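Reading through the structure tokens given below for one structure.
What follows is calculated from the coordinates using simple rules that are stated; it is not laboratory data. Since this is a predicted model, take the numbers as computed values, not measurements. Ideal geometry is used to build each Cβ from the backbone, glycine not excepted, and the neighbour counts take in all protein chains shown.
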Amino acid sequence: MIDSAIVVGGGIVGSSVGYHLARAGLDVRLLDREDEGRATTAGAGIISPATSSRTGSTAWFEFGLEAADYYPDLATALDDYAHSYTRTGLLSVAADADEVGDFERAKTRVERRTEEYGHPTEDSVRELSPAEARAKYPPLADVERALFFEDAARVDGQAFASALREAGRDAGLTVENADVTGVDVENGSVAGVSTASGATYDADAAVVAGGAWSPAFEADLDVSVPVEPQRGQILHLDVDGLDFDRPAGEWPIVSAFRHQYQVPWPDGRVACGATRESGTGFEPSVTLDGLRSVSSEALRVAPGLADATHLETRVGLRPVSADGLPFLGGVPDVDGAYLAAGHGPTGLTLGPYSGKVVADLVRGVEPEVDLDPFRVGRL
Ligand SMILES: Cc1cc2nc3c(=O)[nH]c(=O)nc-3n(C[C@H](O)[C@H](O)[C@H](O)COP(=O)(O)OP(=O)(O)OC[C@H]3O[C@@H](n4cnc5c(N)ncnc54)[C@H](O)[C@@H]3O)c2cc1C
């Protein structure tokens, strides 16, 4: 019987684990080092499994559908906190002629998903003329083709994670800033964790939700955690005061076919990104090349952003696993040890639901989804 748990990491995944465990009545402590480069703080916040180009993984897509479905319920439960989750729709555009082939393939993929999974529903997706697309997203280029997905949503990862922690606190969750240096294991079971300050905490269970930093616990838990940081630089522009027909808060998300996107916000921000840089290690820096890549793509897709002002560039380290799927579940030979890590480029989509299912496991409740593809120790 598990009465107490420690969660290592306060990104969107750890915050969700902590919230769900506290709400279930466990004595839970969330310890977070708040590293610079925390992915949740930089994440663009697109929640749209329907438009994902991940064709190789049925497991990812099915879990992604459950996760996207779970969001509105969870957001309603967090309505007293500033969670930011909103359904805005997403415009998928072929901005230039050389993207039309990709556009057609994506459209066929979406139709197949509608047939096979009933998602997206047929009436939630429609092709728009270039003029209709620009009416929705005023700075848009004169695009070749555009598909509108009305079910797509956006979330400010930082705000949502903080809402989860606040609501968790109101249910008894303790949140502390700490650098966890080890998970203490005695006779094959978790006994607690140790921290850099010398403080130790006893607990029946420990959940490692440390994003790209999670492999630090491989030796303690005697398990391989093949997760690496992938750097993402994302530019935040301000369009407030520019002469557009509609305020940015009413614009949908836009994504073209060169792996980048634009996410508008009610305060006049438009987040444009992002780079996907492997091999940069734990270096959350803004580079000239990164700025060039995201700004030139932003202007190609939306030349009307030319007069927008630069607010900031955020940098996050996506926790990318070796097979592209997260690790969700118990560590094979250590009772009470769990991983919720490796969510890569889609952790804002999957994370809140991952947190729920891992919290279920900790409490001994059988999750409602098949977690076998995500099992710890599979690689
Ligand atoms: C530029 C960019 C754009 C993105 N866009 C999207 C998107 O549109 N949609 C989407 O679904 N996903 C997106 N993502 C991915 C998403 O942001 C991540 O997958 C997700 O935030 C990962 O959350 P996490 O909680 O696992 O890790 P993180 O947010 O990185 O949090 C890990 C936390 O653990 C703490 N920690 C680590 N080790 C320790 C320790 N030893 N002791 C104490 N604390 C520790 C860290 O300090 C950190 O606070 C994007 C990511 C980036 C970088």
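Quick notes on this one:
- Neighbour-count order for Leu65, Leu26, Leu311, fewest beta carbons within 10 angstrom listed first: Leu311, Leu65, Leu26
- Going from the fewest other Cβ atoms within 10 Å to the most, the residues Asp245, Asp32 appear in the order Asp245, Asp32.
- Per-peptide average of other Cβ atoms within 10 Å, ordering 230-240, 366-376, 298-308 highest first: 230-240, 298-308, 366-376
- Spin-label pair Asn187/Arg246, simplified geometry with 7 Å Cα→Cβ offset, distance in nm: 6.4 nm
- Mean separation of Cα contacts under 8 Å (6+ apart) over length of the chain, as relative contact order %: 25 percent
- Ordering Tyr117, Tyr19 by the number of other Cβ atoms within 10 Å of each residue's own Cβ, fewest first, gives Tyr117, Tyr19.
- Amide H contacts of Val320 (H built 1.01 Å from N, in plane; Pro and chain starts excluded): Glu228, Gln230, Gly344 sit under 5 Å, all sequence-distant by 5 or more or on other chains.
- In this rough spin-label picture, where each label sits 7 Å from Cα along the Cβ direction, the Ser278-Asp370 distance is 2.7 nm.
- The shape of the chain comes out prolate: with a ≥ b ≥ c from the C-alpha gyration tensor, a/c is at least 1.5 and a/b beats b/c.
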